[in-house]
Each structure stands twice: as structure tokens, then as C-alpha cells.
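**Q** Please see the structure below; I have some questions.
Values quoted throughout were computed directly from the atomic coordinates according to the rules given, and no laboratory measurement underlies them. Since we're looking at a predicted model, the values are computed, not measured. Cβ placement follows ideal geometry from the backbone for every residue including glycine, while neighbour counts extend to all protein chains displayed.
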């Protein structure tokens, strides 16, 4: 299994323990895919689904869509648009933050969010 498939299956199975609506068939139906396909995704037999399906799956499972997309090796379309506007700056920023501790990254996020330049 893949990290993506492992995670999806683990989250879905955990939810299913308390709520039968999280069976593979019912989740597949609600996100608009065939149960056999979702089963293959969970086993890692096929590549993770499209961005739209991954986002629907994340929301269905109560997961962060950006995290599930990252696990699928994808970046959301809105983030791609942001990066395309200033590719060099964002590439440099991400590379500089690669080794930074989480608290340092959170500090940068808060400063940007709060407009404290």
C-alpha cells in the first residue's frame, strides 16, 4: 500500500468503527467513484485520484484537503496559481524553509496572515 492509500483506509476504517456510513461502498458512492476503484486506491494498486476527487474524499473523511493532496503528490490548483505568479520567489521561500523548525514556519505564517511585515 502507499502512504496515501494507507492513510485513507486507516481514517475510513477508524470512522467506520463508530459509523457504518463509512463503509468503502458508501464512501465511494458519496464521493462519486466506484467502490472497486476506491478499494484499489486504498491498496495502492492505482495512483491517487484527481485533485477534485481527493478533495471530496478529504472532506468526506474530515481530513485537511491540502494534506491529503500532498500525500497524493499533488498541489491544489489554487496554490499552483499563486506559485505561478511568482515562481522564483516561492521556490526560494520553500527551499529556505525546508530545514526550518515548525515553530519558525508558524511564526512566518502568522506574520504574513496578520500583515506584520
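**Q** Would you calculate the separation in nanometres between label points at residue 30 and residue 89, each defined as 7 Å from the Cα along the Cα-to-beta-carbon direction?
**A** 4.0 nm
**Q** Hey, fewest Cβ within 10 Å first, where do 40, 74 land in order? Walk me through the numbers before you get to the answer.
**A** Values: 40 15, 74 19.
The order, fewest Cβ neighbours first, is 40, 74.
**Q** Mind running the shape call on the chain? Use the C-alpha gyration tensor, a ≥ b ≥ c as the square roots of the eigenvalues: rounded below 1.5 for a/c, prolate if a/b tops b/c, oblate otherwise.
**A** prolate
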